[in-house]
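> This is the structure I want to talk about, given as structure tokens.
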Amino acid sequence: MSASRHIVRDEPPIFERSAPGKKGITLKKCDVEKVDPSRCIPSGMLRDEPVELPEVSEFEVVRHFTRLSQWNYGVDTGLYPLGSCTMKYNPKLNEEVASYPGFTRIHPMQDEGLCQGALELMYELQGMLGEISGMDAVSLQPAAGAHGELTGLLVISAYHRSRGNKKTKVIVPDSAHGTNPASSAITGYGVVQVPTKQDGVLTPEVVGKAMDEQVAALMITNPNTLGLFEGHIGEISHIVHDRGGLIYCDGANLNALMGVVKLGDTGVDVMHINLHKTFSTPHGGGGPGSGPIGVTKELEPFLPVPRIVKTQGGFRFDYDRPESIGRVMAFNGNFGVLVRAYAYILSLGAQGLLKCSQTAVLNANYIRERLKPHYHLPYDRLCMHECVFTDKKQRGLGVTTLDIAKRLIDYGFHPPTIYFPLIVQAALMIEPTESESRDEMDGFIEAMIEIAREAEESPELLKGAPHLTKVGRLDEVRAARQPRLRWKRGA
Ligand SMILES: *Cc1c(COP(=O)(O)O)cnc(C)c1O
């Protein structure tokens, strides 16, 4: 096996570079009188011993953290095919634009007359997202996809109550993202799970059977978590609307559809969009996200306040919305993410966004076709932005999805999403995005083919993987529950 692509040298804890007297910086002799700390700090808050800090030079500090940063695999390191997460390239231009002082130095409580540019940007972004999604009105407040779901369901609930209906449940297909049933439950709805059919999509028959007057909404992820377009959505919308229900679309996978389908045209009443996925904000590891929701005209009065409106005198916040569900976020959402999305949309333009989606779909199908002879493909049909394999061909050899994923790390690639969606046993869910070159995808495909061969010839190699990383296979549950974050001398 060739040397791993993206793994770097050993780096000990910085304490091991420490030696008494080494300094990062030399200051002039202090001309302020020394004070005994116990004279100004309450004794209970004083340390018994001075804190143990490493003594190192500035250059050593810079090198140490630069090297450590290289252990952290990211989109800028190599292919990051995490299905359902859309780990695309985040153009650096967006960062540049988001760091303009005019954006970073405004305060959310500033008078609206003094931040007209920011309001204009948000107003225009709402319009652009409305156009891309085919929805009439957009709120930028929700902080992430799941937060958008909650906001959307609160809007749906307020809508039904305003019409005197106390509906009690939400229909969620078994191929839905896990946040869908969770958001429904938090909103106070019962969850009715319905099965997807053999070909991986929801059918009108199944929805018809589950539908009654108590159903507030059907939540559908489109494209769904199998990477398949829910082609019956139009007919399904009619069935749900006929009995007084609404359609909530989880639009987190919009990267497959920009410029191709306006989900609003398919009968959707509410949807959320993940700006940090489709519109290129670096994400993962808990950074800020943004999950705007789009709604139809009928639902606009219920959107969170304040709404940003355009008047003759300029842009302003409108709080006078008696039917609004209220605020869902301090101030106006994660503004920096909105700026990045705005820059991204403007720099690509309508044709560019369409090309992104077309290329994302093409790339996923390229990987699907090339890996098909080597891995079991449970739904063998054209996919959208991601494809789902399983370990069925390798299982008999004692090799599982987890082993395959861990072995990929030795080949220098981040593993795909595994064991999700739940309706596929031992899934490997691969989303290359439009950003990846043919060359990078070929490298990934060759690694996957090589791993399939290893499974036949030397499965023990896979059971112990990864072999080339700083730490081997972690007990992930324990690592999450009892993380070792501190370095201790001699430990
Ligand atoms: C990522 C994702 C979500 C949740 O979005 P967050 O921003 O992580 O809250 C919901 N649904 C689908 C289909 C997703 O891919």
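> Check Ala137: other-chain or 5+ apart residues with amide H under 5 Å from its amide H, H built from backbone geometry?
Correct list: Val295.
> Can you give me the Cα centroid spacing of the stretch 15-82 and the stretch 203-238 in angstrom?
If you average the Cα positions of each part, the centres end up 55 Å apart.
> Compare the peptides 29-42, 137-150 by average per-residue count of other Cβ atoms within 10 angstrom and give them in order, highest first.
Ranked from most to least packed, the peptides come out as 137-150, 29-42.
> Let me ask you something else. Mind listing the phi-derived Karplus ³J(HN,Hα) values for the stretch 191-207, rounded to whole Hz, using 6.51, -1.76 and 1.60 with θ = phi - 60°, and x for any glycine or proline?
The phi angles translate into 10, 9, 8, 10, x, 8, 8, 2, 8, x, 10, 7, 10, x, 4, 4, 5 Hz.
> Find the relative contact order for the stretch 351-479 and round it to a whole percent, using C-alpha pairs within less than 8 Å whose residues are 6+ positions apart.
Normalised by residue count, the contact order of the stretch 351-479 is 27 percent.
> Within the accessible area of the stretch 14-71, what % is carbon and sulfur when the probe is 1.4 Å and the other protein chains stay in place?
57
> Applying the Karplus parametrisation 6.51 cos²θ - 1.76 cosθ + 1.60 with θ = phi - 60° to the phi angles of the stretch 138-151, what ³J(HN,Hα) value in whole Hz is obtained for each residue in order, glycine and proline being reported as x?
10, 10, 8, 5, x, 8, 6, x, 4, 5, x, 4, 4, 4
> Around Tyr80, what is the net charge, scoring Lys/Arg as +1 and Asp/Glu as -1 over all other residues with Cβ under 10 Å from its Cβ?
So the environment of Tyr80 carries a net charge of -2.
> Within the set of other residues whose C-beta is less than 14 Å from the C-beta of Ala455, count the net charge using Lys and Arg as +1 and Asp and Glu as -1.
Counting the neighbours of Ala455, the net charge comes to -1.
> Using the Karplus curve 6.51 cos²θ - 1.76 cosθ + 1.60 with θ = phi - 60°, what ³J(HN,Hα) values do you get for each residue of the stretch 469-475, in whole Hz, with x for Gly and Pro?
Coupling constants for the stretch 469-475: 8, 4, 10, x, 6, 7, 6 Hz.
> Taking a ≥ b ≥ c as the square roots of the eigenvalues of the Cα gyration tensor of the stretch 335-375, is the shape rounded (a/c under 1.5), prolate (a/b larger than b/c) or oblate?
oblate
> If we sort 432-438, 370-376 on the protection proxy, mean other Cβ atoms within 10 Å, highest first, what's the order?
The packing order, highest mean first, is 432-438, 370-376.
> Classify the stretch 376-416 from the C-alpha gyration tensor, please: rounded if a/c falls under 1.5, else prolate or oblate depending on whether a/b exceeds b/c.
oblate
> Given the C-alpha atoms of the stretch 78-230, compute the convex hull and give its volume per residue in Å³.
So the per-residue Cα hull volume is 162 Å³.
> Taking Cα centroids, how far is the stretch 295-319 from the stretch 254-278 in Å?
21
> For the chain, what does the helix formula give at 222 nm: sum of -39500 (n - 2.57) over DSSP H segments with n ≥ 4, over the residue count, nearest 500 deg cm²/dmol?
Rounded to the nearest 500, it is -10500 deg cm²/dmol.
> Something else now. Pull out a ≥ b ≥ c, the square roots of the eigenvalues of the alpha-carbon gyration tensor of the chain, then state rounded if a/c is under 1.5, prolate if not and a/b is larger than b/c, and oblate in the remaining case.
Because a/c hits 1.5 or more and a/b fails to exceed b/c, the chain counts as oblate.
> Could I ask something else about it? Which lysines does Lys22 reach when only Cα atoms under 23 Å apart count, and residues fewer than 8 places away in its own chain are ignored?
Lys34, Lys488
> Any idea what the dipole of the stretch 93-347 comes to, in debye rounded to 20, about its Cα centre with Lys/Arg Cβ at +1 and Asp/Glu Cβ at -1?
460
> Using a cut-off of 13 Å between beta-carbons, work out the net charge of the residues near His272 (Lys and Arg +1, Asp and Glu -1, His272 not included).
So the surrounding residues net to -2.
> Order the peptides 115-126, 44-55, 343-354 from the highest to the lowest mean number of other Cβ atoms within 10 Å of their residues.
Packing order, densest peptide first, comes out as 115-126, 343-354, 44-55.
> With 23 Å as the limit, write out which pairs from Lys166/Lys209; Lys277/Lys392; Lys392/Lys463 have Cα-Cα distances beyond it, or answer none.
Lys277/Lys392
> Counting each pair of different Cα atoms once, what's the Kirkwood radius of the stretch 351-479 in Å, rounded to one decimal?
15.2 Å is the Kirkwood radius here.
> Same structure again: Past 30 Å, Cα to Cα, is the threshold; run Lys88/Lys262; Lys197/Lys297; Lys355/Lys470 against it and keep the listed order.
Lys197/Lys297; Lys355/Lys470
The values are calculated or read from the model by the stated rules, or taken from the named source; none is laboratory data. Predicted, not measured: the structure shown is a model, and the values here were computed from it. Here Cβ is always computed from backbone atoms with ideal geometry, including for glycine, and neighbour counts include all displayed protein chains. In case anyone asks, the SASA skips ligands and DNA or RNA and just uses the protein heavy atoms, side chains included. Shrake-Rupley method; radii C 1.70, N 1.55, O 1.52, S 1.80 Å.
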